[in-house]
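Participant: One structure follows; several queries about it will come next.
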Amino acid sequence: MKFLLKRLGFYGLAAFFAVTLNFLLPRLMPGDAAGALFARFQGRLSPEALDALRRAIGISDGPIYEQYWHYLRDLAHGDFGISISQFPAPVIDVVWTGLGWTVLVAGSALLIGFVIGTALGVLAGWRRGGVIDSVLPPSLAFIGAFPYFWLAMGLLFLFGFEWRWVPLRHAYSDGATPEFTFTFIADVIRHAALPVFTVVLATLGGWMMGMRSAMVAVLGTEYLALGRAKGLSTLRLAWKYAARNALLPNVTSLGMSLGFVLGGSLLTEVVFSYPGLGFLMVQAVRSQDFPVMQGLFIMITLAVLTANALVDVLTTLIDPRTRSREA
Amino acid sequence: MAAASSRSGSGGFSVLGLLKTNGRAQLGLGILGLFVVVGVIGPLFIDDAGNYVAIPYLEPSFAHLFGTTGQGQDVLAQTIVGTRASLFNGLIVGIAVVMLGAAVGVTAGYFGGWIDDVLSLAVNVLLVVPSLPLAIVIAAYLPPGPFTVGIVLIGTGWAWNARVLRVQTLSLRERDYVLAARVAGEPHWRIIFVEMLPNMGPILLTQLVGATTYAIGAQVGLEFLGLGDVGAVTWGSNLYWASNDQALLTGAWWTFVPTGTCIALVGFALSLLNTSVDEATNPALRVERSWRVYLKKMGVLPGMVTPVVRP
């Protein structure tokens, strides 16, 4: 428990850092970014929008600690300000629309990639120098060297444009209404398939190599030799004995690479015009919608921190050593 | 940096020896060398890659080997000119990332105590905060351009290096020669720069390779989003324009395939280089490799043990 509490405290601190950075960014930037922003929007926006902008960036005449306090209070109430480009939609509403799609794509890509990659790593580590071990790592490393979004462009071109197997863009067909029916869910899956596949393809090599080296480390241990001497089947030995113990480092790296995978999937969304957080963020950048941009940053960061905390809980569950370390 | 690492003796590691014996390192350096030559010499033969040369979206032909873009520019010329900017910026950012990471990591590891606590906390926080969204938000506030991209990537990319070097420093700090230097009253900066850093040569080298890979990839990513200078010709802006001009929907695959392949080849070459430097400096990996080769020669299937002696 103490270990977990310490980790949770750390995530709380990290969240606090992100929130504070978010507050400071517009104030720290050279050449009075906020002033320039107002100058640019002056006359183009209604007075209410300008006021919303001022409030979103937190520019008021009060001293900075007072501004900070107001900012924190608004945030705690889920008030991220008002969107400029979609005035007067609250930022929080815009962010919510994207969160589900990103969790869907990045989450399933992470899960599928991790499971397949880990399984491949077990096979490769078990039969070092075998077919899987000599063919897959270099080819996956080569694929992994392409930027995610470029892979997305290539796959979209092949599967979407040339062969027309999958839709070209968006999360569901135009005209479809979101509802809990089989047709709609199938439609969503068809749209998500390629983005998910892209991220899985790009990350597979990493999971595989991580698991492979963890397997190699476990293979020399004596309990495996004992198991073999007892005449356990190879299958049981590989999966129940070796893989189970080798899994831990890979689960730990799952937590650490979350942010990285998410970053890649955000770029992938842009290619597919998939309405998740990444696509929204790029739109916000292009339309200079700073409140939305900052709201998205906070939301993405909080999502990653939460996922990290979950991985930590998972680690304590599957590894008794982390639990005993507290004693 | 290469010179420093070839002098330092950890496991008899030398760049030349690596080149002579390791096929992967040869391949990696070969590919990289080709791109460096293209990047340095290539642009001299090209007038201006942004010029309008032919009708937009011409398929690859003898006149325009890689075809033309949606704005009638020569894709080959753009790829070549982009090579220079992207490699150069990537290397500069890579060097800066390693230097910043080394400064923080070594300081934290060497001084320990509250300095270590504070710096480690900063490093760990930066490691969990997703770096791409952070980079985008910061870059959006700055004027778009290569300088912004560089600063943002340096600011968000150094944490991992700092972490690794901190651990390395912790283990070096207790070595006899460092303790001796301390007893002899050498100043801290001298112990760090003269005694300890040269012994981290190989690690710094792999970090430089890794950081450059990161920098090239992340730079292309930010430029693809339009946060770089979209008027300049770089690999990232090539892809930005390909996507902006709807190349995908017109079937103009040649506008994005060459640039992407170049990025992947450079990334692949760098990772080959990294694994072979790793192999050369990590005895366990080196032994395993030579052991496998030896077993193959003797016609024996590799078993499941990790060898501890060299054949």
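Participant: Which residue is farthest from the chain's Cα centre (by Cα), if the candidates are limited to region A:136-156 and must be aromatic (Phe, Trp, Tyr) and open to solvent by 20 Å² or more (accessible area, probe 1.4 Å)?
Facilitator: Here the residue is A:142.
Participant: Just name the residue that is nearest to residue B:241 (Cα to Cα) out of those in region A:157-202 that are open to solvent by 20 Å² or more (accessible area, probe 1.4 Å) and among the polar types (S, T, N, Q).
Facilitator: Top of the filtered list is A:173.
Let's see how each residue does on (1) open to solvent by less than 40 Å² (accessible area, probe 1.4 Å); (2) over 30 Å from residue B:199 (Cα atoms); (3) modelled with pLDDT under 70; (4) of a type in the set (Lys, Arg):
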position: B:5; (1), (2), (3), (4): yes, no, yes, no
position: B:8; (1), (2), (3), (4): yes, no, yes, no
position: B:12; (1), (2), (3), (4): no, no, yes, no
position: B:29; (1), (2), (3), (4): no, no, no, no
position: B:68; (1), (2), (3), (4): yes, yes, no, no
position: B:73; (1), (2), (3), (4): yes, yes, no, no
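Participant: Next question, about the same structure. Please give the helices (runs of 4 or more DSSP H) falling wholly within region B:212-284 in which 1 or more residues are open to solvent by 10 Å² or more (accessible area, probe 1.4 Å) and charged (D, E, K, R).
Facilitator: B:257-281
Participant: Hey, could you check region B:182-194 for residues that are open to solvent by 40 Å² or more (accessible area, probe 1.4 Å) and either modelled with pLDDT under 85 or assigned to a helix (DSSP H, G or I) (or both) and say which is farthest from residue B:109 (Cα to Cα)?
Facilitator: So, considering only residues that are open to solvent by 40 Å² or more (accessible area, probe 1.4 Å) and either modelled with pLDDT under 85 or assigned to a helix (DSSP H, G or I) (or both), the one farthest from residue B:109 (Cα to Cα) is B:183.
Participant: Residue B:86 passes all but one of (1) more than 30 Å from residue B:251 (Cα to Cα); (2) open to solvent by less than 10 Å² (accessible area, probe 1.4 Å); (3) within 14 Å of chain A (Cβ to nearest Cβ); (4) modelled with pLDDT of 90 or more; which number fails?
Facilitator: Status for residue B:86: all satisfied but (1).
Participant: Within 14 Å of chain B (Cβ to nearest Cβ) and touching a residue at least 12 places away in the same chain (Cβ under 8 Å): does that describe residue A:260?
Facilitator: So residue A:260 fails the test.
Participant: Would you please name the residue that is most open to solvent (accessible area, probe 1.4 Å), looking only at residues in region B:137-156 that are more than 7 Å from chain A (Cβ to nearest Cβ), in contact (Cβ under 8 Å) with a residue 60 or more places away in the chain and more than 20 Å from the chain's Cα centre (by Cα)?
Facilitator: Filtering region B:137-156 for residues that are more than 7 Å from chain A (Cβ to nearest Cβ), in contact (Cβ under 8 Å) with a residue 60 or more places away in the chain and more than 20 Å from the chain's Cα centre (by Cα), the one most open to solvent (accessible area, probe 1.4 Å) comes out as B:144.
Participant: While we're on this one: Tell me the residue from B:134, B:179, B:127 that is surrounded by fewer than 18 Cβ atoms within 10 Å (Cβ to Cβ), without any contact (Cβ under 8 Å) to a residue 40 or more places away in the chain and within 14 Å of chain A (Cβ to nearest Cβ), please.
Facilitator: Only one candidate passes the filter, namely B:127.
Participant: Determine whether residue B:236 is within 22 Å of residue B:51 (Cβ to Cβ), more than 10 Å from chain A (Cβ to nearest Cβ), in contact with a helix residue (DSSP H, G or I) (Cβ under 6 Å, 6 or more places away or on another chain) and not charged (D, E, K, R).
Facilitator: No; evaluated as a whole, the condition is false for this residue.
Participant: Taking only pairs six or more apart or across chains, which ones have beta-carbon atoms under 9 Å, a first residue in region A:161-183 that is farther than 24 Å from residue A:277 by Cβ, and a second residue that is in a loop (DSSP other than H, G, I, E, B)?
Facilitator: Correct list of pairs: A:161/A:168; A:161/B:251; A:162/B:251; A:183/A:176.
The values are calculated or read from the model by the stated rules, or taken from the named source; none is laboratory data. As the structure is a computational prediction, the values presented were derived from the model and not from experiment. Note that each Cβ is placed from the backbone with ideal geometry, even for glycine, and that neighbours are counted across all protein chains shown. The area values use the complete protein model at the heavy-atom level, side chains included, leaving out ligands, DNA and RNA. Shrake-Rupley method; radii C 1.70, N 1.55, O 1.52, S 1.80 Å.
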